[in-house]
Amino acid sequence: MTSAPEFSYVLSADGRAVTRQGRASATLLPRADSVVMVVPDTEIGWHRINLPRAPAHRLRAALGGMLEEELLDDDEAVHLAVAPQPRAGEPTWVAALHRPWLQQQIDALEGA
């Protein structure tokens, strides 16, 4: 039998000062008005690329093609996130996460 994964949490009334912190399973996390999920750095692969010149509806496929050799998983098993306000043809950061792991974490939090 495996135990439920635990999540680290931080509560802040004003978004600046920590009022409470700890670790708990998803069902035991304290209630909050808003939730921000922060992915551990061990779960993210960072890639610096020149953003392809592709229409928005084809950007995901273009990114997958560019990073194909660097990704450890099949393209469909990877979630890609581009840095804010990227410009086509210019350098940007792309974060790559294992999609099933990410979905499992989100499902646990939403289910709680």
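Worth pointing out:
- Estimated [θ] at 222 nm from DSSP helical runs (n ≥ 4, -39500 (n - 2.57)) normalised by residues in the chain, nearest 500: -6000 deg cm²/dmol
- Helix 99-111 vs. the chain, principal-axis angle (Cα, 0 to 90°, nearest 10): 30
- Given (i) 38, 12, 11; (ii) 25, 14, 12; (iii) 32, 18, 11, the label whose value is semi-axes √(5λ) of the Cα gyration tensor in Å derived from this model: (iii)
- Per residue, the average separation of C-alpha pairs within less than 8 Å and at least 6 apart gives the chain a relative contact order of 25 percent.
- Charged neighbours of V10, selected by a Cβ distance under 12 Å, balance to +3 (K, R count +1; D, E count -1).
- Surface composition of the chain: carbon plus sulfur atoms contribute 51% of the solvent-accessible area (1.4 Å probe, protein chains only, all chains present).
- Average accessible area per residue (Å²) across the stretch 43-112 - probe 1.4 Å, nucleic acids and ligands excluded: 68
- Of the GluC sites (Glu not before Pro) in the stretch 1-95, the ones in a loop by DSSP (not H, G, I, E or B) with at most 14 other beta carbons within 10 Å are E68, E69, E70.
- 10 Å Cβ shell holding at most 11 others, DSSP loop, trypsin sites (Lys or Arg not before Pro): longest site-free stretch of the chain: 54-86
The values are calculated or read from the model by the stated rules, or taken from the named source; none is laboratory data. Here the structure is a predicted model, which means the values were calculated and not measured. Heads up, the Cβs are rebuilt from the backbone with ideal geometry, glycines too, and the neighbour counts pull from every protein chain shown. To get the accessible areas, we keep the full protein, side chains included, count just its heavy atoms, and leave off ligands, DNA and RNA. Shrake-Rupley method; radii C 1.70, N 1.55, O 1.52, S 1.80 Å.
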